[in-house]
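Rule-based calculations on the coordinates, nothing more; no lab input. Because the structure is predicted, anything quoted here is derived from the model rather than measured. Here the Cβ positions follow ideal geometry from the backbone for every residue, glycine too, while neighbour counts run over all protein chains shown.
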Amino acid sequence: MAEDRPTPEQEARRLYEEAESRVAKAAERVVSRDSFGELLAMATENVVAVTRMSFDALDLVWSNLRLAGRRDITRLGRQLGRTEDKLEQVLQEVERLRDQVESSSDNGAKPAAGAKPAAARRRSQRSSSP
Amino acid sequence: MNALERMARTPIAALEFANILLTERDTQIAVTPKDVVWTHRTTTLYRYRSTQRTYPVPVLLVFALINRPDIFDLRPGNSFVEFLLDEGYDVFLLDWGVPDEADADLGLEHYVCDEIPSGLREVSRASGQEEATLLGWCIGGTLSLLHCALEPGTAVRNLVLLTTPIDTTGSLYATWVARDSFDVDRVADVYGAVPGGTVDWANKLMKPVTNYWTTRRRLWQQVLDGEARPEAYQAMAKWVADNPPFPGRAYREWITWMYKENRLVRGLMRMRGRRADVSAVQQNLLVVTAGADHIAPREGTLPVLDQVGSADVTHLDRPGGHIGLMAGSKARKDVWPHIAEWLGERSDA
């Protein structure tokens, strides 16, 4: 059946894909070897060492120019982060206490007609904050 | 198409191919409308807008610390979020954001002991429901499991783990980073926030020919044959290329605790003085594994099935890769309906 016979182009593509698949499998075998892991660890160490040297040199130049550098900005960022952590803790504590107060007052008196539920009120307040 | 036609088409195909690659970044991903519910540091809790919430128990999605959670909502027509919304779920997403050097001090406990509990708390406040489903993917799954293990009384009814690393013994990552010569402390110290591109490079290096060559060669072939689907290729390529940095402390802990010491499966994981006891996990559990997952191999996830204390444990195994399983072209038919069905049976009031 001549029609079923692949064209030279199809045959070339099939051969290419076969070869590519074999190369892919071989590459995966290479990267999964212990020796490749060792090589990668050493390369990482070298890159990290060069990066550290570049960062240190740049920081030195920058600080001698009396300009705020990467470290100063990072330090400020961390301070802001810590402040935000504390604010979040305070906010959660306030909400917890408010829940307590509301639940105890709910036990004593019925809510006014048409009043928004407490949870919904809090939700709308908080979603507008960011 | 005969050889002559193909030759004539080659310049046009080359233009189209270049256009797909060059306009990759312009493609829109994660477009399902959502609202900000809560923010803290780099973390944001979103709630997706929905008009038909059939199931009362909301679903909280948690993604890994590498790549962005946009993969949950890749593109219209191929979005897990869109699918869940259509099925009637109230969907929330905990997005870790883009940390930088200022966030180098954020460790795994920040995510497990602070952000997930706070996220769940806000989900409960926003939805008015006491319980939620926690659905974690990859590292997000491990963080979710750790949360449930550390806080047995947590408001999580259902726990879904997608391609989650639990036991890292024998994995390719372990071959690379578990060795003594890989100095994770130095990497974390120098970078503060480990560049996302480095992590991405390591991920791609696991299958170098496939990731660096075959993907583009296949695209070229599809363009030449007139069968390319640019929107699908570009959405995935854009997501793959978006790599936020990994906070230094979290990176150090992830590599040391999970790969060098394999603490989770050995029952040695401790956070804030408490042991993460996986046997304390009582939630209804669905574990989804992918047969061809080279990042979190199936064998490395299965131990969780025997370790948890849950009475209701389901394992769903499907062919596919780490990401392709949930975001590939077959996911909508072969995986998502099973997850939705499992959730549906456990999400009533």
Count the net charge of all other residues whose Cβ sits under 14 Å from the Cβ of B:Asp167, scoring Lys and Arg as +1 and Asp and Glu as -1. 0
Evaluate the charge dipole of the protein assembly as shown about its Cα centre and quote only its size in Debye, nearest 20, assuming +1 on the Cβ of each Lys and Arg and -1 on the Cβ of each Asp and Glu. 680 debye
Could you compute the net charge surrounding B:Tyr55? Neighbours are other residues with a C-beta less than 13 Å from the C-beta of B:Tyr55; K and R count +1, D and E count -1. -4
If you rank B:Arg9, A:Arg96, B:Arg47 by fewest surrounding Cβ atoms within 10 Å, what's the result? A:Arg96, B:Arg9, B:Arg47
So what is the 222 nm mean residue ellipticity for the protein assembly as shown from helices alone, if each DSSP H run of at least 4 adds -39500 (n - 2.57) and you divide by all residues, rounding to the nearest 500 deg cm²/dmol? -15500 deg cm²/dmol
For region A:8-67, convex hull of alpha carbons as volume per residue, Å³: 116 Å³
Mind putting a number on the dipole of chain B about its Cα centre? Charges go on the C-beta only, +1 for Lys and Arg and -1 for Asp and Glu, and I need it in Debye to the nearest 20. 560 debye
Using alpha carbon centers only, region A:80-96 is separated from region B:49-73 by a whole-angstrom value of 25 Å
Output the peptides B:331-339, B:16-24, B:170-178 sorted from most to least packed, where packing is the average of other Cβ atoms within 10 Å over each peptide's residues. B:170-178, B:331-339, B:16-24
Check: region A:26-98 dipole with +1 on Lys, Arg Cβ and -1 on Asp, Glu Cβ, in debye: 280 debye
Fewest-first ranking of B:Met258, B:Met206, using other Cβ atoms within 10 Å as the exposure measure: B:Met206, B:Met258
Pairs of lysine residues in the protein assembly as shown - Cα separation under 22 Å, sequence separation of 8 or more or cross-chain: 8
Counting only DSSP beta bridges with both partners in chain B, the antiparallel fraction in percent, to the nearest 5, comes to 40 percent
Signed unit charges on C-beta, dipole axis of region B:115-227, positive-most listed residue B:Leu134, B:Val199, B:Leu219: B:Leu219
Counting other beta carbons within 10 Å of each Cβ, put B:His147, B:His110 in order, fewest first. B:His110, B:His147
Shielding of B:126-136 by other chains, given as the mean Cβ count within 10 Å, works out to 1
Relative frequency of Cα-Cα separations exceeding 24 Å in chain B, percent: 57 percent
Using a Förster distance of 25 Å, how high is the FRET efficiency between A:Lys25 and A:Ala49, based on the Cβ-Cβ distance and rounded to 0.05? 0.15
Shape call for region B:237-349 from the C-alpha gyration tensor, a ≥ b ≥ c root eigenvalues: rounded (a/c under 1.5), prolate (a/b greater than b/c) or oblate? oblate
Out of A:Asn64, A:Ser35, A:Thr51, whose Cα points farthest toward the positive end of the dipole of region A:8-67 (charges: +1 Lys, Arg; -1 Asp, Glu; placed on Cβ)? A:Asn64
For the protein assembly as shown, just list the percent of Cα-Cα distances falling in each 10 Å bin from zero outward, please. 4, 17, 27, 25, 16, 8, 3, 1, 0, 0
Treating the Cα atoms of region B:1-91 as identical point scatterers in vacuum, please give the log10 of the normalised Debye intensity I(q)/I(0) at q = 0.13, 0.24 Å⁻¹, two decimals. -0.61, -1.25
Quick one: grab the alpha carbon gyration tensor of region B:74-137, order the square roots of its eigenvalues as a ≥ b ≥ c, and give me rounded if a/c is under 1.5, else prolate or oblate depending on whether a/b is larger than b/c. oblate
In a shell of Cβ-Cβ distance under 15 Å around B:Asn203, excluding B:Asn203 itself, what net charge do Lys and Arg (+1) and Asp and Glu (-1) give? -1
For region B:149-240, how big is Rg over Rh, using alpha carbon atoms and the Kirkwood form of Rh? 1.10
Using Cα pairs under 8 angstrom and six or more residues apart, how large is the relative contact order of chain B, in percent? 22 percent
